[in-house]
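Student: Structure in C-alpha cells, see below.
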Amino acid sequence: MKASVARIDDVTVEVQNGETILQAAKRVGIEIPTLCYSEGLAPEGGCRVCIVETNRSPRPSAACHTLLQPGMEIRTKSPKIESLRRDILALYLESDGGSGFRRDHRDSYFTALLERYGLSAALAVPGSREAPVDTSHVYLRFSPHLCINCRRCLNACEQIQGQFVYGMAGRGPLTHLIFGSDGQFADSACVACGACIDQCPTAAISDRDRQAAAKAESVTQSVCGYCGVGCRVEIAVAGNQVLRIKGVANAAVNRGHLCVKGRYAHAYHHSKERLTRPLMRVGDDLKPISWDDALEFAARRLVEIRDQHGPDALGVLTSSRSTNEACYLLQKLFRSIIGTNNVDCCARVCHSSSALALQITTGTGAASASYADIDCARCIVLAGANPTEAHPVVGARIKQAALRGARLLVIDPRRIELADYADVFLQVRPGTNVALFNALAKVLIEDKLIDASYVAERTDGFEDLRSYLSRLSLHETARVTGVTVELIQKAARLLGGHSPALFVNGLGLSELTQGTASVKTFCNLGMLTGSIGRPGAGMLPLRGQNNVQGSADMGSMPRFVTGYQSMHDPDVRERLRQNWGDFPPQRPGLTVPEMIDAAARNEIRALWIQGEDIVQSDPHQAHVIEALSNLDFLVVQELFLSETTPYADLVLPAASVLEQEGTFTNGERRIQLVRPAVRPPGEARPDWVVIRDLARILGASWNYETPAEVMDEIAKVAPALFGGVSYERLAGDGLQWPCPDRSHPGTASVHASGFICGKGRLTVVDYVPSPEQVSESLPYILVTGRVLEHYNAGTMTRRTPQQQLVSEDLLEIHPDDAAREGISEGETVELKSRWGRATAKVHVSTRPAPRTLFLPFHFPETHTNCLTGPHVDPDSKCPEYKVTAVRVRVLRPAAS
Ligand code: SF4
C-alpha cells in the first residue's frame, strides 16, 4: 500500500488531512450506520453504532471520531462488528432511561435501523406505563418514551441555533433529557427553529403536525417568503394545504436551518380572511366584481387620470413581498405605458440609505459580502441590527461564529441578544451613529491600526478624513453618544487588531435622518481596515423583506431603471426601446414619502400599491391617511383587507409566495427560484399575471406566458448585472449578481479585484443631531422594530399560531424609567409624540437603555406609526423610524 493511502473494506482510499473514517467512507460510497452522529455537527461519539474494526486497535473504533491514517485497514461490516451493532441497538431498546415508560417506536430513522438489524420495535416493551407527552409548545412536542438520550437534539440546539435549550439530568440508567431547568417545552428558551426535530432519530421531539405531514401528496422546493435571508424551503402539501415546511438540507443560504416564521408560520395561506375576488368601491362598501371588469375599470381610470392631469399625477409602489418578475413588469408598465418615473418600493422606507451610501462609497448599492463570509470572519461588527429576531438564520450563524472565537462588536441602543456574545457592546444613543463611527475611525488612524497599503492603493479621500478626524474630541463624542471614551478606544483597538472585518448593519443605521451618513461612516471603517472585497469580510447590510433587494434591482426606483441603470444613458435607452418598444421618460420621479406628500397636495391623483400596507407600516400615519383619502383612484393588490384597503377604489386578490412562480433576490444578491406549492384561493392571481393582463388591456403586446420569459427580458435589459441569469441556471442555489453572461458563475464577493467605482471613497461627514430631540414634555426617545415571532405589518404572521406565541405589541421600558413613571409590568400606557398617540402594554426590561423605549409595529391596534414623524434622510428620503421623542403615561381605570 502507498504511504498516503488506507483501505476501507475492499476500497483503497487516499488519506486526507483531518478526515475521519466515517467521512472517508462516505466519500468513497461506503455506508457506515450511525445513530448519534449528524453531518455538520461535532461527533458525539456516544452511541458506538458506527464502530469499525481497524488494524490499529484490538478494540473496535468509532468511525465518527477516529481519524483515517495512512496504512489503516478497516472493516466496516465484519460479522463481529455487525453482531456488536445489533447488541448495542438491542440495549437501546431494552433501556427505558429509568422512566418506566412504555416504548413505542415507529416510523423513524431509529426503527429503520432496528429493522435492518432484525430487531423489531415491537419487542421493546419493558416499561409499564404510558408516557406523558409534553404538548405545551405551540409547535413542538416531546415524547419521553421515545427518547434514547443520543443528544443529537442537544448538539443541534447548541451548534446550529446556539440556544442551549437542552440538558441531561440524572446518572447512569436514570439519565434523561431536560429543557432548561427541567420544565416544559413552552417554558424553555426554545425559539422553535426546529433544528432538533430534524436531528431526532426517533421522533421523540417532533412537530405537533407530524402525523398529518406524513400524508403529504407533494413536496415543492421554494424560498421562504419572510425576511431577506432567503432560506430555501421544502413545502409538503396535501389537499391544497401546506402541512409542513423544512429547510433544504444542503442549501447554500441556510443549510437546512429555518426560523420559527419560515418553518411554521404558513397557516395564513388558507385563512378564511384571504381575499378571493376583486373588490370595487361602491359608496362605503367594497363589492365583488369579475377580473375582466376590474382590469377594464383600472385601465380606464388610469388613462382618464393621465389624460386629465398628466402622467406624473400617477404613481406606483411595487412590492418587496412579490417576485422580481412582478416588480419588473409593474415598473415597466408605469414607465413605458403610463409614462412616469413615479416608481418606488418599500426599500425606500427601510434600506435606501444603505443602498445609496454603498453606491456612493463603493460603486454598488448592495452587499459586497455573502452569508458564507460569516463563517470565516475574524471579526464581526454588528450595528443597528438585531438579527437573532429579524434575520434569525443569519443571527444564529453570527452567534455560532462568536462561539467559535470570532471577535464580535455590537453597536445598538438596545441590549440585543447578540450583545451577550459580544467582546464589546456599545450601547449608543439612538441616532448618534455618525459621531460614534467617526470616533472609531479616529482611534484606528491615530493608533496606526489601519491597513495602510489598502487605504493607499484602493481608496481616495484619506488625507481629508484624517485631517477632519484629528480635530474631533473623543470626550465630546462620549457626551453625544453615551459611550465612554474607554469603550470607544477598546472597540476600535479590537477592530484594528482583528481586521479585515465583516460589517453587518440593519435598519438602525438607515432609518434615520442621518441614515446615508451613518452607512457612509460605517463604510469608512470597512475601508480603513482593508475589509471590503476580502474573504470573511466586507459590507453586509441585512435586507428586511424577502425581496427588498430584488424590487430595487428590478427598477422600482424613481431615478434608476432596471439594474440601477441611468435612464439618461443612450445605450440603456436604446436597450429599453428594443425591449419595451418605447423610451422611458427622463423626468425624475418621486420617492414614497414624496408621493405621499404630493398626494396630500392633490398633485398625485392615482396610486397603485402592490402588496404593502402603508397605513400601518409607513411613518406619520395621520399624514398617510390624509394623502390616500385625497386620491382620485387607489388600487391595492393584497392577500387580505388591511389598514390601507379602506382607502382603495379597487382591491385585487393576490397569490401568496406559496402560490406563485418567480424569483426572489436575497440580501447577498442571490436570485433564487420561487415555485408554487399550493393553488391560490378563489380567484386570487399572481401579481405578474395581473400586470401583464392590465398592460394588454392598455394596448401593449406583452406576450409573456411564463415568468421565465420575463426573466429572459430582464437579462437583456440589464446585462451587466443579470445577463447570465435564466431559470435553467437558477435551479438549486441560484446565482449571485453580478452575473453578466451565460458562462459567469455569479459573484460571491464584490470589489474583490478593485472597487466597481475605481477607488473606494472615504468620506468626511459631520454628525448632525436628529430634529427629534427630547424635551421636558417629551423626555424619552422611542425606537421601533420587530420581534422574532412576527413580521412587519403582521399581515401573514398574525393569521398563524404565531399569534399564540406573541399576541400584541409590548412597549419595552427600562426598570429605572418604569419606577420613575410609576409603571408596573403589564400595565397599559399611553405614548404621545409631536405627531400622534398610541397605547400599549408595558414590558419592563433592561434591554433598552434608560430614557430609550422600544415598540414593535406588528399589530394595527397599537398604532405605532401614529407616533413616528415626517422627518426623512435628505439624500435617500428614508424616514426616521428609529428616533421619536415621546412621553409615556400609565392608563389606569379611574377609581370609583
Ligand atoms: Fe425565512 Fe428569514 Fe426565517 Fe430564513 S431567517 S426562515 S428567510 S424568516
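The values are calculated or read from the model by the stated rules, or taken from the named source; none is laboratory data. If you're wondering where the values come from, they're calculated on a predicted model, not measured in any experiment. Here the Cβ is made from the backbone with ideal geometry for all residues, glycine too, and neighbour counts use every protein chain on show. Ligands, DNA and RNA are stripped out before the accessible areas are found, and what is left, the full protein with its side chains, is counted by its heavy atoms. Shrake-Rupley method; radii C 1.70, N 1.55, O 1.52, S 1.80 Å.
Student: Whether any residue in the stretch 205-215 is within 16 Å of the ligand (Cβ to nearest atom) and more than 30 Å from residue 386 (Cβ to Cβ) is what I want to check. If you could, list the steps in order and put the result at the bottom.
Tutor: Here is the first cut: in the stretch 205-215, the residues within 16 Å of the ligand (Cβ to nearest atom) are 207.
After this cut, where a residue has to be more than 30 Å from residue 386 (Cβ to Cβ) as well, the list is none.
No, that holds for no residue.
Student: So, one more: Determine whether the stretch 279-288 contains at least one residue that is touching a residue at least 40 places away in the same chain (Cβ under 8 Å) and closer than 30 Å to residue 223 by Cα.
Tutor: Scanning the stretch 279-288 turns up at least one residue that is touching a residue at least 40 places away in the same chain (Cβ under 8 Å) and closer than 30 Å to residue 223 by Cα.
Student: Let me ask something else about it. Quick one: in the stretch 512-532, of everything that is open to solvent by less than 10 Å² (accessible area, probe 1.4 Å) and in a loop (DSSP other than H, G, I, E, B), which residue is farthest from the ligand (Cβ to nearest atom)?
Tutor: Across the stretch 512-532, the extreme among qualifying residues is 530.
Student: Right, another one. Looking only at the stretch 262-283, which residues are farther than 22 Å from residue 644 by Cβ and near the ligand (Cβ under 9 Å from one of its atoms)?
Tutor: 262, 263
Student: So in the stretch 231-258, with the set limited to residues that are among the β-branched types (Val, Ile, Thr) and either free of Cβ contacts under 8 Å to residues at least 60 places away in the same chain or closer than 16 Å to residue 215 by Cβ (or both), which one is farthest from the ligand (Cβ to nearest atom)? Reasoning before the result, please.
Tutor: Step one: list which residues in the stretch 231-258 are among the β-branched types (Val, Ile, Thr), which gives 233, 235, 237, 242, 245, 248, 253.
If we keep only those that are either free of Cβ contacts under 8 Å to residues at least 60 places away in the same chain or closer than 16 Å to residue 215 by Cβ (or both) as well, we get 233, 235, 237, 242, 245, 248.
Numbers: 233: 7, 235: 12, 237: 18, 242: 14, 245: 9, 248: 11 Å.
Step by step, filter the stretch 231-258, then rank; the result is 237.
Student: Shifting gears a bit: Of all residues in the stretch 751-801, how many are more than 25 Å from residue 428 (Cβ to Cβ), polar (S, T, N, Q) and out of contact with any His (no Cβ under 8 Å at 6 or more places or on another chain)?
Tutor: The number of residues fulfilling the criteria is 2.
Student: Related question: Would you mind stating whether residue 300 is open to solvent by 40 Å² or more (accessible area, probe 1.4 Å), over 30 Å from residue 666 (Cα atoms) and under 32 Å from the mean Cα position of the chain (by Cα)?
Tutor: Working: open to solvent by 40 Å² or more (accessible area, probe 1.4 Å): yes; over 30 Å from residue 666 (Cα atoms): yes; under 32 Å from the mean Cα position of the chain (by Cα): no.
So residue 300 does not fit the description; no.
Student: Also, quick follow-up: Is there any pair linking a residue in the stretch 808-820 that is within 16 Å of residue 781 (Cβ to Cβ) to one that is assigned to a loop (DSSP other than H, G, I, E, B), with Cβ under 6 Å and at least six apart or on different chains, and which?
Tutor: 812/845; 812/847; 814/850; 816/850; 817/850
Student: Let me ask something additional. Say we look at the stretch 325-365 and pick out the residues that are hydroxyl-bearing (Ser, Thr, Tyr) and over 18 Å from residue 516 (Cα atoms); which of these is most open to solvent (accessible area, probe 1.4 Å)? If you could, list the steps in order and put the result at the bottom.
Tutor: Just the residues of the stretch 325-365 that are hydroxyl-bearing (Ser, Thr, Tyr), to begin with: 328, 336, 340, 352-354, 361-362, 364.
Subset that is over 18 Å from residue 516 (Cα atoms): 328, 336, 340.
Working: 328: 0, 336: 22, 340: 0 Å².
Among them, the one singled out is 336.
Student: Next up: Just to check your reading of the model, which residue among 754, 734, 682 is more than 30 Å from residue 296 (Cβ to Cβ), touching a residue at least 24 places away in the same chain (Cβ under 8 Å), more than 27 Å from the chain's Cα centre (by Cα) and open to solvent by 10 Å² or more (accessible area, probe 1.4 Å)? First the steps, then the outcome.
Tutor: Values: 734 fails: more than 27 Å from the chain's Cα centre (by Cα); 682 fails: more than 30 Å from residue 296 (Cβ to Cβ).
Just a single option satisfies the conditions, and that option is 754.
Student: Give the stretch 220-247 a look and list any residue that's hydroxyl-bearing (Ser, Thr, Tyr) and either open to solvent by 10 Å² or more (accessible area, probe 1.4 Å) or assigned to a loop (DSSP other than H, G, I, E, B) (or both), or say none. Before you say what the answer is, go through the steps one by one.
Tutor: Residues of the stretch 220-247 hydroxyl-bearing (Ser, Thr, Tyr): 220, 222, 226.
Result: 220, 226.
Student: In the list 539, 557, which residue meets the criterion of being in contact (Cβ under 8 Å) with a residue 60 or more places away in the chain and open to solvent by less than 10 Å² (accessible area, probe 1.4 Å)?
Tutor: Every option except 539 fails the conditions.
Student: Name the residue, out of 160, 178, 148, 197, that is open to solvent by 10 Å² or more (accessible area, probe 1.4 Å), in a loop (DSSP other than H, G, I, E, B) and more than 22 Å from residue 679 (Cα to Cα). Reasoning before the result, please.
Tutor: Details: 160 fails: in a loop (DSSP other than H, G, I, E, B); 178 fails: in a loop (DSSP other than H, G, I, E, B); 197 fails: in a loop (DSSP other than H, G, I, E, B).
Just a single option satisfies the conditions, and that option is 148.
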